[in-house]
Amino acid sequence: MAILDDLSGYEFEDLMEDVFRHCGYENVRQSRRTADEGRDILMEEVVDGRRRAVVVECKHTGTVSRPVIQKLHSAVATYDYDGPVRGMVVTTGRFTEPARDYAANLGSNREGGIELLDGRDLREIGTEIGLDLYNGRIEILCEEALRPTHPTAGRDAPVFEAVREIENLEAATIPTPETTVALEPTVTVRATTDATFETSVGVIHRIDETTGLVIRADRDEPRVATGDVRDLAANRSASRIDLEAADLESTFDDVERHRFGQTETEYKEWTVDRLRQAQTATVHYTGDNNVDYEKTCTPSRSDISVRDIDPVYVPHVRSRLSLGEYDYWYAYRAAGPSRATTRNDLQECVHCETAGASETYTYCDNCGSVNCEEHTKAERLEGDPVCTGCAVTERFALETKYFYDETNLEAFREEYAAMPVHEKAMENVPLAVGSVLCALLAAFFVASSIGLV
């Protein structure tokens, strides 16, 4: 609800106080704005000749979940009033299915019950009482989103797929990632431009185009969507879900629903203005008098007809995978089986800027790091990979060795001390080979000097 989106939480409460007065409630007042204990507005109604208190919680947010209803239920139960009390939650957004189920079990009009009013209800109330909540504009109440998960794979399948590309790390052994989804609002506007520009010599320019423009709609100022956002939102065949029916809260650890920054009417007007600018052309032509002229041809507003406006949420899924001392993020925008990766820490060395699918990465089970080849070494005692960041080092036979910890280092010191000289030399193969070559060369020169060769 655009006019409500621009309000602060307190301003929204002020407006709802006026709305309830117009609806016929009595003794409508706001509670104290500090420590209101979940009671934003207090009012009374008369039902069957009996006065009853109504405790209202105002949520100026996109989604209201079950804990909000539970909190208000407690506030209703503890409200000091000489008579029956019921509750009401009013929001510019929507209620999750668990929230609606919880309220339905309590009842809406009986004592202790909770009534839910969402953005659609507010619009109907505004129409009924003659209160213009929309300033004459059409509001976007979108209830569709592109499907955030693959229809047959699990929620975290993309993370497991990324892990399989890492050496020394088994996908089956990783912990369950913490996965959230942000629903990012977009609006696809399809418009047709039919403009003809004439002079005394006839038609000098004509525009006959159909344009589809995807708008990122999560801010006050619209932005043209590019890349994966544009491709996903513009795909009419992409799988969609009904947010009223889908229980995303049971699938993801958290669901964040961003609000549309403007009304449908404003997005249409913005699109028309942008197309007029984009389709303006400078035309050169020769007049009847054989004189060359220049004319700027800009389509008028009436030349552009908006055929369709399609709002939809694009899910931006973010998974955090904790491995040892490190947290890795894997994020992507989704449309069912299709997805566009926006971040992949699992293909990036923790020690340097080496990144990309063309590189080879190895997991260090000692500290949980993902490393490029330059920062991966073989642990001398165990023979398994260890990263240069967590390894304990010491030089043996003039070569640096890498160990998981001091315990492994000490164990190898003991082995090294017990080695024969030739085995110690082999701890630095290039040095050992060089020493052998030097000895052979020395023997050759000695033999030459005494005439043996």
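The values are calculated or read from the model by the stated rules, or taken from the named source; none is laboratory data. Owing to the predicted nature of the structure, the values given are computational and were not obtained by experimental measurement. FYI the Cβ positions are ideal-geometry reconstructions off the backbone, even for glycines, and counts take in every protein chain you see. With ligands, DNA and RNA removed, areas are computed over all heavy atoms of the protein, side chains included. Shrake-Rupley method; radii C 1.70, N 1.55, O 1.52, S 1.80 Å.
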If I model a spin label at A245 and R206 as a point 7 Å from the Cα along the Cα→Cβ vector, what separation in nanometres do I get? 4.6
Accessible area in square angstrom per residue, region 256-321, 1.4 angstrom probe: 52
If I model a spin label as a point 7 Å beyond the Cα along the Cα-Cβ vector, how far apart are those points for N289 and E178 in nm? 7.7
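Give me the dipole magnitude in Debye, nearest 20, for the chain about the Cα centre, with unit charges on the beta carbon: positive for Lys and Arg, negative for Asp and Glu.
580
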Per-residue SASA entry for R164, accessible area with 1.4 Å probe, Å² rounded to 10: 150
With Cα coordinates, the longest principal axis of the chain makes an angle with the long axis of helix 119-129, in degrees rounded to 10, of 10
Euclidean distance between Cα centres, region 165-200 to region 45-123, Å: 36
Can you list residues whose amide H is under 5 Å from T342's amide H, if they're 5+ apart or on another chain and H is modeled 1.01 Å from N? A331, Y332, R333
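Just by accessible area at a 1.4 angstrom probe, what is the order of L398, L381, L72 from largest to smallest? Don't skip to the answer; put the middle values down first.
Values: L398 120, L381 50, L72 0 Å².
Most to least solvent-accessible, the answer reads L398, L381, L72.
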If ligands, DNA and RNA are left out, what is the accessible area of D242 with a 1.4 Å probe, given in Å² to the nearest 10? 80
Residue farthest toward the positive end of the dipole of the chain, with Cβ of Lys/Arg at +1 and Asp/Glu at -1: which of Y361, T341, S305? S305
Long-range amide H partners of L169, meaning residues 5 or more apart or on another chain whose placed amide H is closer than 5 Å, are Y363
Each residue of region 162-168 in order: what ³J(HN,Hα) in whole Hz does its phi give by Karplus 6.51 cos²θ - 1.76 cosθ + 1.60, θ = phi - 60°, with x for Gly and Pro? 5, 5, 5, 7, 9, 6, 6
Region 205-244-region 302-361 distance, computed between alpha-carbon centres (Å): 18
Could you order the peptides 338-351, 216-229, 55-68, 281-294 from most to least packed, using the average number of other C-beta atoms within 10 Å per residue? 55-68, 338-351, 216-229, 281-294
For region 197-256, which semi-axes, largest first and in whole Å, follow from the square roots of 5 times the eigenvalues of its Cα gyration tensor? 42, 14, 10
Note, ³J(HN,Hα) from phi for region 65-70, Karplus 6.51, -1.76, 1.60, rounded to Hz, x at Gly and Pro: 9, 4, x, 5, 5, 5
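Using unit Cβ charges (K, R positive; D, E negative) and no other charged atoms, how large, in debye to the nearest 20, is the dipole of region 339-398 about its Cα centre?
Rounded to the nearest 20 debye, it is 80 debye.
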Counting DSSP beta bridges with both partners in the chain, what percentage is antiparallel, nearest 5? 80
What order do S305, S74 take when sorted by accessible area (1.4 Å probe), most exposed first? S74, S305
Enter the accessible area of D194 (Å², nearest 10), with the probe set to 1.4 Å and all protein chains included. 80
May I ask you to evaluate 6.51 cos²θ - 1.76 cosθ + 1.60, the Karplus curve with θ = phi - 60°, for each residue of region 387-398 and list the ³J(HN,Hα) values in order in whole Hz, giving x for glycine and proline? 8, 5, x, 9, 5, 8, 10, 7, 9, 10, 6, 6
Please compute the length gained on full extension between A104 and V224, using 0.36 nm multiplied by the number of residues separating them and subtracting their Cα-Cα distance. 39.1 nm
At 0.36 nm per residue, minus the direct Cα-Cα distance, what do T298 and E161 gain on full extension? Give it in nm, one decimal, please. 44.2 nm
In the list (i) 4, 21, 32, 29, 12, 1, 0; (ii) 4, 14, 16, 16, 14, 12, 9, 6, 4, 2, 1, 0, 0, 0; (iii) 4, 19, 28, 26, 15, 7, 2, 0, the entry giving P(r) over Cα pairs in 10 Å bins from 0, in percent computed from the coordinates is (ii)
Treating only the Cβ of Lys, Arg, Asp and Glu as charged (+1, +1, -1, -1), what charge dipole size does region 27-106 show about its Cα centre? Round to the nearest 20 debye. 160
Taking C390, C372 and ranking on accessible area (1.4 Å, protein atoms only), highest first, one gets C390, C372
Given charges at Cβ of Lys, Arg, Asp, Glu: the chain dipole, positive-most of L72, V350, T211: T211
Farthest positive-ward along the chain dipole, Cα basis, beta-carbon charges - from Y293, L116, G389: Y293
